[in-house]
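Input: a single structure, listed below in structure tokens.
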Amino acid sequence: MKLIQQSFTASRNSIWKRSFIYTFFLVVVLLMACDQQPETTFGKPGDKFVETLLAKMTLEEKIGQLNLVASSDFVTGDFEETDIAKITKEAKAGGILNIRSVERIRTVQKAAVEETRLGIPVLFGLDVIHGYKTIFPIPLALSCSFDLGLIEETARVAAQESTADGLAWTYSPMVDISRDPRWGRVAEGAGEDTYLGSLIAKAYVRGYQGNDLQGNNTMMACVKHFAAYGAAEAGREYNTVDMSKLTLYEWYLPPFKAAIDEEVGSIMTSFNEISGVPSTSNHWLLTELLRNDWHFNGFVVTDYTSINELVNHGNARDDKNAAELAMKAGVDMDMQGRVFLNNLKVLVEEGQISEELVDQAVRRILEAKVKLGLFDDPYKYCDEERVKTDIMNENQLAVARESVAKSCVLLKNENKTLPISKNVKSIAIIGPLGNSKKDMLGNWMAAGEPEKAVTLLEGIQKKVGSDVKVQWIEGCKVDDSDKSGFAEAVKLARQSDYVILALGEHGWMSGEAASRTDINLPGVQNELAEAVINTGKPTAVVLFNGRPLTITKLDEMAPAILETWFGGTQAGNGIADVLFGDYNPSGKLTMTFPRNLGQVPVYYNHKNTGRPLDPERPDFKYLSRYIDSPNNPLYPFGYGLSYTTFQYSDLTVNSEGEQVHISVSVANTGEDDGEEVVQLYVQDKVGTITRPVKELKGFKKLMIKKGESKTIDFTLTKDDLAFYHPDLSKSYEPGEFVFFVGGNSQDNLQKTIDLK
Ligand code: GLC
């Protein structure tokens with residue numbers, strides 16, 4: 001910096017004049033300095049650093065930043081091996097996904113920083129969906145905890161572990177609302193409710209990103225899949241999505257907006273089309289809505305080769321056309337498709353794409369790297385010491401165990417079949433999921449180690465100790481027709497004081513590319529259950545699954561059913577805590593369990609229709625119903641039992657200005673202390689757009705000790721009661737409202753009031 005050399009003669013007769021001049025001179029220097037940031041100062045994104053760097057980049061180097069390449073440590077799609085070192089040294093990889101370990105990441109980062117012309121660091125990402133090495137319950141399970149603090153904590157732990165192993169970016173949270181359990185990816189989401197899904201989206205972003213992305217134990221989140229992927233027709237993976245903008249705005253977009261309001265650093269486009277336009281080439285979605293309306297300031301990454309797939313969709317003629325459509329729509333980074341890498345240069349040279357558009361995408365990627373502090377220290381996540389202290393430590397495993405117990409949902413419990421008395425002397429665990437390590441981790445197990453997962457058998461053995469005889473027998477496979485193991489299973493049941501049936505799906509039967517046309521218990525598990533239950537022994541079913549299942553037959557037979565989903569590394573320990581009453585189950589379903597597939601989609605916040613069921617005329621024919629099934633599901637949204645019982649009373653609803661105050665008393669009328677999720681639903685009786693029969697508008701999870709009673713208060717504003725209109729504006733309409741409060745979406749106290 002050339003400082004202005006200003007010679008001056010200080011007045012000899014007054015100190016104050018000299019100090020005034022010195023001060024003035026100092027201020028001038030500082031002002032000059034502020035105007036010319038040295039290149040090594042990394043201010044907020046968008047400061048001079050990014051522009052200065054961008055100005056130095058060649059078109060090839062810019063396009064290299066828009067290329068996200070998959071390494072081979074994990075395979076999450078149609079994989080073509082890439083020479084990661086080579087592509088990095090050629091400055092053709094702005095990001096690398098599916099890579100792991102500090103050693104490997106340091107080596108690649110070194111190549112990027114020290115062996116390329118500009119030394120731009122690489123962004124390393126992975127699908128850390130429910131934990132990195134310490135695997136938590138699948139997200140659908142965690143959502144059933146209705147515990148936002150716990151969900152945030154699991155994401156914090158996941159970020160601690162992932163960053164300790166070199167990673168900076170996770171493709172999470174997945175916030176796709178879905179009402180169709182045939183779709184395997186319901187396992188990755190937060191169920192069917194938009195209000196809850198939006199709060200959970202925020203919790204994940206807070207957990208991963210913390211309040212300082214410059215730290216070395218926080219990572220950038222990526223909210224996905226934008227948008228409406230969960231509404232795939234027939235629940236078939238990657239299938240068409242067709243819906244009104246009103247439905248999109250009301251039910252599917254809010255969790256994305258919630259994540260953006262929580263400052264999520266990136267967003268991923270979905271594979272599907274929305275009403276004829278694929279998300280990845282959807283200018284309305286990626287620019288008009290995301291940028292112009294929502295002012296999203298992060299970057300847009302595609303899903304795996306989804307630009308290439310614009311050709312399959314019939315939306316692009318070829319890869320070159322696909323690149324043009326995606327870039328013009330607002331995509332910034334191409335995951336594993338190499339479409340930008342192979343076509344953008346010629347598109348710019350031909351004038352089909354402006355270099356300014358490329359610059360805009362590059363700027364967003366560079367700004368993300370600035371936000372993460374990668375230019376300050378490209379090796380900030382490569383600390384071998386942290387591998388020893390910040391992965392699968394005691395605290396992290398304790399959080400995992402707590403999250404298992406809190407995600408369990410008690411679906412049925414006749415004659416206090418559960419909890420199991422600790423006086424029981426022999427326990428038979430029967431079923432194909434009774435001692436399976438790999439299945440406990442569910443789908444998207446990242447760097448999880450199945451051998452470290454605690455199975456149900458191991459968890460119970462540890463719980464009861466060597467004085468109790470605990471034996472496991474498979475009885476049958478998860479999914480075949482062989483019943484030859486039934487006899488041995490029945491024999492063991494007869495010899496035991498207590499039987500636990502461990503039934504459900506394999507972990508891989510949900511998640512991506514795992515849609516099912518039949519969501520019954522697979523194979524001959526129902527028959528096994530029947531044979532064992534018919535022995536008359538006290539029997540509890542422990543269910544392991546990644547989606548709601550049509551377990552109507554099981555529900556008829558079994559005296560007790562505990563839904564445990566896939567609990568992750570600490571599954572067996574957390575489930576044993578619940579089975580033996582060391583934790584009183586508090587989970588509530590966030591996705592409806594249908595009686596049969598024919599009811600799907602079936603969800604709690606449905607419309608009333610013009611011919612709703614009439615309790616006064618239960619057999620009247622001409623109503624919205626089936627001739628072969630009830631309308632109501634097997635288990636509704638928000639449902640879950642406790643070992644104790646809760647009594648709701650004294651519901652009051654008062655309107656005061658712009659607010660509505662709701663109050664209710666909840667008493668613990670049973671024998672055990674227990675947590676209850678008190679749920680508030682609202683029905684707007686009349687609207688220019690018809691409203692659902694009820695919508696979740698609040699919930700509070702609290703401990704109520706046995707014999708205790710608590711008053712729970714909610715306050716809603718008119719904004720909370722607003723809804724979208726055909727012009728996509730959102731507003732409240734005065735009129736008659738019904739307020740429901742209860743422990744699930746079906747059994748409620750209710751009050752009706754008129755709101756102005
Ligand atoms: C997969 C998934 C997406 C994931 C990505 C990277 O196909 O759709 O959720 O983040 O590819 O693995």
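The values are calculated or read from the model by the stated rules, or taken from the named source; none is laboratory data. The structure displayed is predicted, hence computed values, not measured ones. As a convention, Cβ positions derive from the backbone with ideal geometry for all residues, glycine included, and neighbour counts pool all protein chains shown. The protein model used for the area step is the full one, side chains on, heavy atoms only, and it has no ligands, DNA or RNA in it. Shrake-Rupley method; radii C 1.70, N 1.55, O 1.52, S 1.80 Å.
Using the structure shown, decide if Arg117 is out of contact with any strand residue (DSSP E or B) (no Cβ under 7 Å at 6 or more places or on another chain), more than 16 Å from the ligand (Cβ to nearest atom) and either part of a helix (DSSP H, G or I) or acidic (Asp, Glu) (or both). Walk me through it before giving the result.
Numbers: out of contact with any strand residue (DSSP E or B) (no Cβ under 7 Å at 6 or more places or on another chain): yes; more than 16 Å from the ligand (Cβ to nearest atom): yes; either part of a helix (DSSP H, G or I) or acidic (Asp, Glu) (or both): no.
In short, no.
Yes or no, residue by residue, for (1) touching a Pro at 6+ places or on another chain (Cβ under 9 Å); (2) more than 22 Å from Asn98 (Cα to Cα); (3) at pLDDT 95 or above; (4) acidic (Asp, Glu):
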position: Phe299; (1), (2), (3), (4): no, no, yes, no
position: His313; (1), (2), (3), (4): yes, yes, yes, no
position: Gln336; (1), (2), (3), (4): no, no, yes, no
position: Gly351; (1), (2), (3), (4): no, yes, yes, no
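In the list Leu66, Leu53, which residue meets the criterion of being open to solvent by less than 30 Å² (accessible area, probe 1.4 Å), at pLDDT 90 or above, away from the ligand (no atom under 16 Å from the Cβ) and not assigned by TED's automatic domain parsing to the domain that holds Glu114? Spell out the reasoning first.
Values: Leu66 fails: not assigned by TED's automatic domain parsing to the domain that holds Glu114.
Every option except Leu53 fails the conditions.
Take the residues in the stretch 240-267 that are surrounded by fewer than 17 Cβ atoms within 10 Å (Cβ to Cβ), part of a loop (DSSP other than H, G, I, E, B) and of a type outside the set (D, E, K, R); name whichever of them is nearest to the ligand (Cβ to nearest atom).
Thr240
Hey, can you tell me all the residues within the stretch 325-343 that are among the acidic types (Asp, Glu) and either within 15 Å of the ligand (Cβ to nearest atom) or not assigned by TED's automatic domain parsing to the domain that holds Ser266 (or both)?
Filtering the stretch 325-343 for residues among the acidic types (Asp, Glu) gives 332, 334.
The one that is among the acidic types (Asp, Glu) and either within 15 Å of the ligand (Cβ to nearest atom) or not assigned by TED's automatic domain parsing to the domain that holds Ser266 (or both): Asp334.
Return yes when Ala93 is surrounded by 23 or more Cβ atoms within 10 Å (Cβ to Cβ) and without any contact (Cβ under 8 Å) to a residue 60 or more places away in the chain and no when it is not.
Numbers: surrounded by 23 or more Cβ atoms within 10 Å (Cβ to Cβ): yes; without any contact (Cβ under 8 Å) to a residue 60 or more places away in the chain: yes.
In short, yes.
Only one of these conditions is not met by Ser306: (1) crowded, with 20+ Cβ neighbours inside 10 Å; (2) assigned to a helix (DSSP H, G or I). Which number is it?
(2)
Can you tell me how many residues within the stretch 124-165 are within 18 Å of Met445 (Cβ to Cβ) and assigned to a loop (DSSP other than H, G, I, E, B)?
Total meeting the criteria: 11.
Starting from residues that are aliphatic (A, V, I, L, M) and under 31 Å from the mean Cα position of the chain (by Cα), keep the ones in the stretch 626-646 and report whichever is least open to solvent (accessible area, probe 1.4 Å). Break it down stepwise before answering.
Step one: list which residues in the stretch 626-646 are aliphatic (A, V, I, L, M), which gives 627, 634, 641.
Adding the requirement that they be under 31 Å from the mean Cα position of the chain (by Cα) leaves 634, 641.
Values: Leu634: 26, Leu641: 61 Å².
For the stretch 626-646, the residue satisfying everything is Leu634.
With the condition kept exactly as written, say whether any residue in the stretch 127-137 is open to solvent by 10 Å² or more (accessible area, probe 1.4 Å) and either without any contact (Cβ under 8 Å) to a residue 24 or more places away in the chain or away from the ligand (no atom under 16 Å from the Cβ) (or both). Break it down stepwise before answering.
Of all residues in the stretch 127-137, those open to solvent by 10 Å² or more (accessible area, probe 1.4 Å) come to 127, 133.
Checking the rest, the ones that are also either without any contact (Cβ under 8 Å) to a residue 24 or more places away in the chain or away from the ligand (no atom under 16 Å from the Cβ) (or both) come to 133.
Yes, the stretch 127-137 contains a residue that is open to solvent by 10 Å² or more (accessible area, probe 1.4 Å) and either without any contact (Cβ under 8 Å) to a residue 24 or more places away in the chain or away from the ligand (no atom under 16 Å from the Cβ) (or both).
Can you name the number of the only condition in (1) of a type outside the set (Val, Ile, Thr); (2) modelled with pLDDT of 95 or more; (3) not in a strand (DSSP E or B) that Gln471 fails?
(3)
Do you know which residues across the stretch 495-510 are under 20 Å from Lys477 (Cβ atoms) and either within 15 Å of the ligand (Cβ to nearest atom) or part of a loop (DSSP other than H, G, I, E, B) (or both)? Please lay out each step first, then the result.
Filtering the stretch 495-510 for residues under 20 Å from Lys477 (Cβ atoms) gives 499-510.
Within the stretch 495-510, Glu505, His506, Trp508, Ser510 meet the criteria.
Output yes when any residue across the stretch 361-374 is assigned to a loop (DSSP other than H, G, I, E, B) and open to solvent by 10 Å² or more (accessible area, probe 1.4 Å), and no when none is. Don't jump to the end; show me each part of the working.
First, the residues of the stretch 361-374 that are assigned to a loop (DSSP other than H, G, I, E, B): 372-374.
Now restrict to residues that are open to solvent by 10 Å² or more (accessible area, probe 1.4 Å): none.
Taking every residue of the stretch 361-374 in turn, none turns out to be assigned to a loop (DSSP other than H, G, I, E, B) and open to solvent by 10 Å² or more (accessible area, probe 1.4 Å).
Within 14 Å of the ligand (Cβ to nearest atom), under 25 Å from Ser101 (Cβ atoms), of a type in the set (D, E, K, R) and at pLDDT 95 or above, is that true of Glu188?
When the stated conditions are applied, Glu188 passes them.
Table: residues versus (1) among the aliphatic types (A, V, I, L, M); (2) crowded, with 24+ Cβ neighbours inside 10 Å; (3) in contact with a Gly (Cβ under 9 Å, 6 or more places away or on another chain).
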{"position": "Val409", "(1), (2), (3)": "yes, yes, yes"}
{"position": "Lys412", "(1), (2), (3)": "no, no, no"}
{"position": "Thr417", "(1), (2), (3)": "no, no, no"}
{"position": "Trp444", "(1), (2), (3)": "no, yes, yes"}
{"position": "Lys469", "(1), (2), (3)": "no, no, no"}
{"position": "Ser481", "(1), (2), (3)": "no, no, yes"}
{"position": "Glu488", "(1), (2), (3)": "no, no, yes"}
{"position": "Ala502", "(1), (2), (3)": "yes, yes, yes"}
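Does Ala428 qualify as being open to solvent by less than 50 Å² (accessible area, probe 1.4 Å) and modelled with pLDDT of 95 or more?
Values: open to solvent by less than 50 Å² (accessible area, probe 1.4 Å): yes; modelled with pLDDT of 95 or more: yes.
Judged against the criteria, Ala428 is a match.
Residue-wise test of (1) at pLDDT below 95; (2) open to solvent by 30 Å² or more (accessible area, probe 1.4 Å); (3) over 24 Å from Gln599 (Cα atoms).
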{"site": "Ser515", "(1), (2), (3)": "no, yes, no"}
{"site": "Pro522", "(1), (2), (3)": "no, no, no"}
{"site": "Leu549", "(1), (2), (3)": "no, no, no"}
{"site": "Ala558", "(1), (2), (3)": "no, no, no"}
{"site": "Thr569", "(1), (2), (3)": "no, no, yes"}
{"site": "Gly574", "(1), (2), (3)": "no, no, yes"}
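What number goes with the only condition from (1) within 16 Å of the ligand (Cβ to nearest atom); (2) touching a His at 6+ places or on another chain (Cβ under 9 Å) that Ser281 does not pass?
Checking Ser281 against (1) within 16 Å of the ligand (Cβ to nearest atom); (2) touching a His at 6+ places or on another chain (Cβ under 9 Å), the one that fails is (1).
Answer yes or no as to whether Tyr204 is in a helix (DSSP H, G or I), within 16 Å of the ligand (Cβ to nearest atom), open to solvent by less than 10 Å² (accessible area, probe 1.4 Å) and among the hydroxyl-bearing types (Ser, Thr, Tyr). Step through it out loud before you land on a result.
Numbers: in a helix (DSSP H, G or I): yes; within 16 Å of the ligand (Cβ to nearest atom): yes; open to solvent by less than 10 Å² (accessible area, probe 1.4 Å): no; among the hydroxyl-bearing types (Ser, Thr, Tyr): yes.
Taking the combined requirement at face value, the residue does not satisfy it.
Which strands (runs of 3 or more DSSP E) sit wholly inside the stretch 654-756 and have at least 3 residues that are crowded, with 17+ Cβ neighbours inside 10 Å and outside the structural domain of Ser143 (by TED's automatic domain parsing)? Give the steps one after another, and end with the answer.
Details: elements: 659-668, 674-684, 695-704, 709-717, 735-742, 748-755.
Result: 659-668, 674-684, 695-704, 709-717, 735-742.
Among the residues of the stretch 315-334, which ones are basic (Lys, Arg) and either part of a helix (DSSP H, G or I) or modelled with pLDDT under 95 (or both)? Give the steps one after another, and end with the answer.
First pass over the stretch 315-334, keeping only residues basic (Lys, Arg): 317, 320, 328.
Scanning the stretch 315-334 gives Lys320, Lys328.
Does the stretch 221-236 include one or more residues that are within 15 Å of the ligand (Cβ to nearest atom), open to solvent by 10 Å² or more (accessible area, probe 1.4 Å) and of a type outside the set (D, E, K, R)?
No, there is no match, as no residue in the stretch 221-236 is within 15 Å of the ligand (Cβ to nearest atom), open to solvent by 10 Å² or more (accessible area, probe 1.4 Å) and of a type outside the set (D, E, K, R).
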